[in-house]
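The values are calculated or read from the model by the stated rules, or taken from the named source; none is laboratory data. Fair warning: this is a prediction, and the values are worked out from it, not measured in the lab. When we count neighbours, we look across all protein chains shown, and the Cβ atoms used for this are built from the backbone with ideal geometry, even at glycine. Areas reflect the complete protein model, heavy atoms only, side chains present, ligands, DNA and RNA absent. Shrake-Rupley method; radii C 1.70, N 1.55, O 1.52, S 1.80 Å.
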Amino acid sequence: MIIVHDIFICKPGNASKLAKLFKEWAEIKPHKNTHVLTDMTGQFHKVIVAASYESLSAYEGETKNFGQSPEEKAMMEKFKDMNDMYVSGSREIYKVW
């Protein structure tokens, strides 16, 4: 199994807005092992979207088809201003032993 963290460092006042968007997205996503996290300690204004997959190929397969369903297309419209909400981001992929 692998766990993928998509990490966003938001502009002040935007972390909760971005977290709410990702939470809504996670609820329509076919892959249900997704969690939206916000910081309680450490760097401020951080939002992490954590998802687990059976394998790296399963992750790649899901990202290849992202945005194809009508629900995902409608959700993408809500994310159109997302780039204005954060300063930087990164992705971490972990293998679970």
Among Gln43, Gln68, the single one that is more than 13 Å from the chain's Cα centre (by Cα), among the polar types (S, T, N, Q), exposed (fewer than 14 other Cβ atoms within 10 Å of the Cβ) and under 18 Å from Glu92 (Cβ atoms) is Gln43
The listed residue being open to solvent by less than 30 Å² (accessible area, probe 1.4 Å) and modelled with pLDDT of 85 or more, out of Ala26, Ala51, Ala58: Ala51
With (1) part of a helix (DSSP H, G or I); (2) modelled with pLDDT under 85; (3) surrounded by fewer than 17 Cβ atoms within 10 Å (Cβ to Cβ) as the list, and Ser16 as the residue in question, which single condition is left unmet? (2)
Taking the range 70-95 and keeping residues free of Cβ contacts under 8 Å to residues at least 40 places away in the same chain and among the polar types (S, T, N, Q) leaves Asn83
Could you please find all residues in the range 74-95 being part of a loop (DSSP other than H, G, I, E, B) and open to solvent by less than 60 Å² (accessible area, probe 1.4 Å)? Phe79, Met85
Residue that is farthest from Trp97 (Cα to Cα), among those in the range 50-68 that are without any contact (Cβ under 8 Å) to a residue 40 or more places away in the chain and assigned to a loop (DSSP other than H, G, I, E, B): Gln68
Only one of Val47, Val36 is closer than 14 Å to Met82 by Cα and free of Cβ contacts under 8 Å to residues at least 60 places away in the same chain, namely Val47
Name every residue in the range 61-78 that is under 15 Å from Ala19 (Cβ atoms) and either modelled with pLDDT of 80 or more or of a type in the set (D, E, K, R) (or both), in order of residue number. Lys78
